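> Sending over a structure as C-alpha cells; questions will come in a sec.
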Amino acid sequence: MARSGAADRLDQVVFFTSRALSQAGQALFLVVLVITSGSGSSVAFGLSSVMAATMAGPLLFGLLAGSLADRLGPARAYLLGTLGRLSVITAGFLVLGRPELAWAVALGYSSVSQLYSPAEMAMVPLVERRSPARTHALLVVLQYVAQGLAVLLLAPVLLLTAGAAALLALAVTIYLAVLVLALVLNVRVRPREPEYRAPSRQAFSFRRTASFLTGDHRATYAFGSLAFVDVVAKCVIVALPAYLLAIAGPGRAGFIAVAIPAAVGAVLGMLWAGTQFRLPEAQRVMRATLLGAIVSLFALAGLESGLGLAGIVLQAANVTTSGVGFDADLALVLPVALLFGASISIAPIAARAVLSATAPHGQQARVFASQSTLSEILGIVPLLLAGLGTEVAGPQPTLGLVAVAGLGLLLVLEGNSTALAPHQAAPAPAESAAS
C-alpha cells in the first residue's frame, strides 16, 4: 500500500524530534556524570575512569549489539536501546554523591548505546529513502544544537538553582519523551521493517558485512573516511591547547582565530552536504574532503610564527604587517581553519549517507557498529601517541604525523577503488527475511 507524503513527513518529524531530545538528555546526563566523577578525592582518576568506561562499551559490545539490532530490526532495536538508556540514566541517582561508582554507570550507558546508536543509523532508510545525505546532515545539526543548548543553557541554570539531582531528573524526563517517540516510530514503521531485519542464522555473522565493506569501493572509502575523521578529531582535541599556545601565546586570540572560522566552515559544510550532495558524486566528495583535512593539517603543522609557505610569500612580496591592527600570523590561520572545519563536517555526512544508501537491508546496523568499533580501536593508539607526541615533540609535528597518516590512507583508498566495482545498493534477498 502506497504511503502518502504526509505519512513520510510525520515519520521524519518523530525521528528528528527524538534525535534532538536524546542528544539533549544525553548531554545533561554526561554533565552530571562528569561532575560526580570529579567530586572525589582524585579528580584526574575519577574523570579518566569514566572516559575509559565510555570507550570500553564499543570494544566489548559494539559488534554483538550491531548484530542484535539487525536481528530485531531497526525500530525494535531503537526502542530497546532507548529503554536501556533510560534505565541507566535513572540509575544515575544511585551514584549522586558516590563518585567511586560513576565509572560503572558510564560503562552501563556506553554498553546500551551500542544497541541504540547503530539502530538509530539503520532507521535512516526507513524514514527517508530518497535523501540520506540530507537526513544525516540534519542529524548532525540537531546533535550540535541540542547538546549546545543543554550544556550551555540548561545545565548552568539548573546547577545554580537546583543542583545535579534536578539536572538528572530533567534528563530522565527527556528520555521518557524519547521512549514515547520510539514507541510511535515502532508502530508506524512496523509494516516496512521486516525487509530490514536479518534472520537469526545470519544476523550474528559478519561474513557478508565484511564482504560488502571490502567489496564495494564506495563503502570502503566511507569506512576509511569515518575512521580518519574520528582519529583527527581526537588528536586535534589533544594537541589544540598546546598548539594555540605555540602560535598565539596565552590568551583568547588564538582560540578565536581557530574556533570561529572552523565553526563557520563546519556550518557551511553541513549546509552544502545537506542540500547539494548526490550519491553518484560520493567518492569525489569524500576524496576532496579527505584532501582538505590533510592539506589543512599539513598547513597547521607548518604554523610557527606564521604559516610556513604563506609567511615566505609575504616576505618575498615585501608585505609588511606592522601597524595594521591585528596579528597577521593569526590571520593566516583563518582560511586553514575554515577549510578544516568544512572538510571535517562534510566527510562524515557524505560517508554515512553512502553507507545508508548502499548497505544491504538487514546489515545496516552491523555496518555502522563495525565502523564505530573500528574507530574506537584505531583511535586508542593515536590518542595516546598524540598526547605523548605533543608533550615531547610539540603540537606541530604531531599534526604533521596525523596528516602523513591521512595521506597514506588516501593513497590506499584510491588504489583500492580502482580495483573494485561497486555493488548494487539493493538489499540482498538472503538478508531480508522476517523473523
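The values are calculated or read from the model by the stated rules, or taken from the named source; none is laboratory data. All of these numbers come straight from a predicted model, not from anything done at the bench. Because the Cβ atoms are built from the backbone with ideal geometry, glycine has one as well, and the counts that use them run over all protein chains shown.
> Scan the range 183-203 and report the pairs whose first residue is closer than 20 Å to GLY84 by Cβ and whose second residue is in a helix (DSSP H, G or I) and among the acidic types (Asp, Glu), with Cβ atoms within less than 6 Å and a gap of 6+ or a chain change.
ALA203/ASP70
> Could you check HIS136 against (1) closer than 17 Å to GLN12 by Cα; (2) not in a helix (DSSP H, G or I) and say which number it fails?
So HIS136 meets the others, but not (2).
> Out of the residues in the range 99-108 meeting the condition of being in contact (Cβ under 8 Å) with a residue 60 or more places away in the chain and touching a Ser or Thr at 6+ places or on another chain (Cβ under 8 Å), tell me which one is farthest from ARG366 (Cα to Cα). Please lay out each step first, then the result.
Within the range 99-108, the first condition is being in contact (Cβ under 8 Å) with a residue 60 or more places away in the chain, and the residues that meet it are 99-100, 102-103, 105-106.
Keeping just the survivors that are touching a Ser or Thr at 6+ places or on another chain (Cβ under 8 Å) gives 99, 102-103, 106.
Working: PRO99: 34, ALA102: 29, TRP103: 27, ALA106: 23 Å.
Filtering the range 99-108 for residues that are in contact (Cβ under 8 Å) with a residue 60 or more places away in the chain and touching a Ser or Thr at 6+ places or on another chain (Cβ under 8 Å), the one farthest from ARG366 (Cα to Cα) comes out as PRO99.
> Another question, if that's okay. Tally time: how many residues in the range 367-402 are surrounded by fewer than 20 Cβ atoms within 10 Å (Cβ to Cβ), within 18 Å of ILE294 (Cβ to Cβ), aliphatic (A, V, I, L, M) and modelled with pLDDT of 80 or more?
Total satisfying the criteria: 1.
> Still on this model: Would you confirm whether or not the range 215-225 contains a residue that is modelled with pLDDT under 85, among the hydroxyl-bearing types (Ser, Thr, Tyr) and buried (at least 17 other Cβ atoms within 10 Å of the Cβ)?
no
> Hey, does the range 318-339 have a residue that's modelled with pLDDT of 85 or more, of a type in the set (A, V, I, L, M, F, W, C) and assigned to a helix (DSSP H, G or I)? Give the steps one after another, and end with the answer.
Our first condition is that a residue be modelled with pLDDT of 85 or more; within the range 318-339, this holds for 338-339.
From what's left, of a type in the set (A, V, I, L, M, F, W, C): 338-339.
This time we only want the ones that are assigned to a helix (DSSP H, G or I), so: 338-339.
So far as the range 318-339 goes, yes, one or more of its residues are modelled with pLDDT of 85 or more, of a type in the set (A, V, I, L, M, F, W, C) and assigned to a helix (DSSP H, G or I).
> If you don't mind, there's one more thing I want to ask. Collect the residues in the range 37-93 that are in contact with a Pro (Cβ under 8 Å, 6 or more places away or on another chain) and surrounded by fewer than 18 Cβ atoms within 10 Å (Cβ to Cβ), keeping them in residue-number order.
If the condition is that a residue be in contact with a Pro (Cβ under 8 Å, 6 or more places away or on another chain) and surrounded by fewer than 18 Cβ atoms within 10 Å (Cβ to Cβ), then GLY38, SER39, GLY40 are the ones that fit.
> Any residue in the range 54-68 that is β-branched (Val, Ile, Thr) and at pLDDT 90 or above?
No, there is no match, as no residue in the range 54-68 is β-branched (Val, Ile, Thr) and at pLDDT 90 or above.
> Read through the list (1) modelled with pLDDT under 80; (2) under 18 Å from the mean Cα position of the chain (by Cα); (3) not hydroxyl-bearing (Ser, Thr, Tyr), then give the number of the only condition that LEU271 fails.
LEU271 satisfies every listed condition except (1).
> Select from the range 239-268 the residues that are in contact with a Ser or Thr (Cβ under 6 Å, 6 or more places away or on another chain) and buried (at least 18 other Cβ atoms within 10 Å of the Cβ) and write down the one among them that is modelled with the highest pLDDT.
In the first step, residues of the range 239-268 are kept if they are in contact with a Ser or Thr (Cβ under 6 Å, 6 or more places away or on another chain); the result is 239, 242, 266.
Going one step further and asking which of them are buried (at least 18 other Cβ atoms within 10 Å of the Cβ), we end up with 239, 266.
Working: ALA239: 72, ALA266: 88.
Restricting to residues being in contact with a Ser or Thr (Cβ under 6 Å, 6 or more places away or on another chain) and buried (at least 18 other Cβ atoms within 10 Å of the Cβ), the top hit is ALA266.
> Would you be able to say whether some residue in the range 304-316 is of a type in the set (S, T, N, Q), under 23 Å from ALA405 (Cα atoms) and either at pLDDT 85 or above or assigned to a helix (DSSP H, G or I) (or both)?
Checked against the condition, which is being of a type in the set (S, T, N, Q), under 23 Å from ALA405 (Cα atoms) and either at pLDDT 85 or above or assigned to a helix (DSSP H, G or I) (or both), the range 304-316 yields no hits at all.
> Please pick out the residue among LEU59, LEU96, LEU28 that is more than 30 Å from GLY362 (Cβ to Cβ), touching a residue at least 12 places away in the same chain (Cβ under 8 Å) and in contact with a Ser or Thr (Cβ under 9 Å, 6 or more places away or on another chain).
LEU96
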